[in-house]
Amino acid sequence: SQQGEEDPQALSIQEGENATMNCSYKTSINNLQWYRQNSGRGLVHLILIRSNEREKHSGRLRVTLDTSKKSSSLLITASRAADTASYFCATDPRGSNYKLTFGKGTLLTVNP
Amino acid sequence: GAGVSQSPSNKVTEKGKDVELRCDPISGHTALYWYRQSLGQGLEFLIYFQGNSAPDKSGLPSDRFSAERTGGSVSTLTIQRTQQEDSAVYLCASSLEGRGLSTDTQYFGPGTRLTVL
């Protein structure tokens, strides 16, 4: 079964609004990463948060991690039409230092 | 510098034929990964190479799938006797080291879209 599960499966917002996507996972992790994918092709790494971190920022992105709840959230502020993409969380379970497990993703649509 | 490249970008083949997918990782990256993504799904791990170590093939779905990495750089994923369920996007990624206390950032190629008729 999937280690990471994103929620919601799809999200549609207006340009300028904030978008929040959530990810839940099952086992203890070393870190959690968020990736973006345009048009079903290559993934672009967005941000990595380690298990001992609670929050991280990168530009308009804010990621939180709650290891007690085994969940993470990705917030995109002041969204733009160009943010339209699928967003995936990926975890590497403890005991594995390379094998990422991806969820099915959240499809974000930002309407101009 | 150049990112991860994959070829071909699209491949249409007939059921039963063999296909080879190629991946050129980022120069200097010792770790290389293959994933498969079926329509509307997340990525499924297939195989991992790290330097000269034996690859982790635990994700390969059947013995029709094999991969090799020559000279620690270019990798080829081969699917023999393709089936319709093999249709997917095959993504390659590389990372600087792929070992240590936790996972490196993986850099993905654009993928090869395989369609088996």
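The values are calculated or read from the model by the stated rules, or taken from the named source; none is laboratory data. The structure presented is a predicted model; accordingly, all values stated were derived computationally and were not measured. Cβ placement follows ideal geometry from the backbone for every residue including glycine, while neighbour counts extend to all protein chains displayed. Areas reflect the complete protein model, heavy atoms only, side chains present, ligands, DNA and RNA absent. Shrake-Rupley method; radii C 1.70, N 1.55, O 1.52, S 1.80 Å.
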> How large, in percent, is the carbon and sulfur part of the accessible surface of region B:45-95 at a probe radius of 1.4 Å?
Replying inline: 42 percent
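Roughly how many percent of the accessible protein surface of region A:4-111 is carbon and sulfur, given a 1.4 Å probe and a whole-percent answer?
Using a 1.4 Å probe with all protein chains present, region A:4-111 comes out at 46 percent carbon and sulfur.
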> Roughly what % of Cα-Cα distances in the protein assembly as shown sit above 28 Å, to the whole percent?
Replying inline: 30 percent
> In region B:11-60, which residues give up 50 Å² or more of accessible area once the other protein chains are added, compared with their chain alone (1.4 Å probe)?
Replying inline: B:Leu43
> Which is farthest toward the positive dipole end of chain A among A:Ala78, A:Ala19, A:His45, measuring Cα position about the Cα centre, with Cβ charges +1 (Lys, Arg) and -1 (Asp, Glu)?
Replying inline: A:His45
> If you place +1 on the Cβ of every Lys and Arg, -1 on the Cβ of every Asp and Glu, and leave all else neutral, what size is the dipole of the protein assembly as shown about its Cα centre, to the nearest 20 Debye?
Replying inline: 100 debye
> Dipole size in debye (nearest 20) for chain B around its Cα centre, Lys and Arg Cβ +1, Asp and Glu Cβ -1?
Replying inline: 180 debye
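Could you work out, residue by residue across B:88-94, how many beta carbons of other chains sit within 10 Å of that residue's beta carbon, and then give the average as an integer?
The per-residue average across the peptide is 2.
Beyond 16 Å, what share of the Cα-Cα pairs of chain A is found? Please give it as a whole percent.
55 percent
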>> Taking only the Cα atoms of chain B, how large is their convex hull per residue, in Å³?
In response: 101 Å³
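Which net charge results for the neighbourhood of B:Ser7, defined as the other residues with beta-carbon distances under 14 angstrom from its beta-carbon, given Lys and Arg at +1 and Asp and Glu at -1?
On the way: positive: A:Arg41, B:Lys11, B:Arg22, B:Arg113; negative: B:Glu20, B:Asp24.
Neighbourhood net charge equals +2.
Below 13 angstrom from the Cβ of B:Ser73, what's the summed charge of the other residues (Lys, Arg +1; Asp, Glu -1)?
Local charge sum for B:Ser73: 0.
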>> At a probe of 1.4 Å, how much accessible area disappears from chains A and B on forming the pair, both sides counted, to the nearest 100 Å²?
In response: 1900 Å²
>> I'd like to check one number: the per residue accessible area of chain B, probe 1.4 Å, reported in Å² as a whole number.
In response: 47 Å²
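Could you rank the peptides B:85-94, A:81-90 by their average count of other C-beta atoms within 10 Å per residue, with the highest value first?
Put in order of decreasing packing, that is B:85-94, A:81-90.
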>> Rounded to whole Å, give me the distance from the Cα center of region B:1-20 to that of region A:51-112.
In response: 29 Å
> What share of the DSSP beta bridges in region A:4-111 is antiparallel, in percent to the nearest 5?
Replying inline: 90 percent
> Do you know the relative contact order of region B:5-105, to the nearest whole percent, from alpha carbon pairs under 8 angstrom that are 6+ apart?
Replying inline: 35 percent
> Once you list every other residue whose beta carbon is under 9 Å from the beta carbon of B:Gln83, what net charge do they have if Lys and Arg are +1 and Asp and Glu are -1?
Replying inline: +1
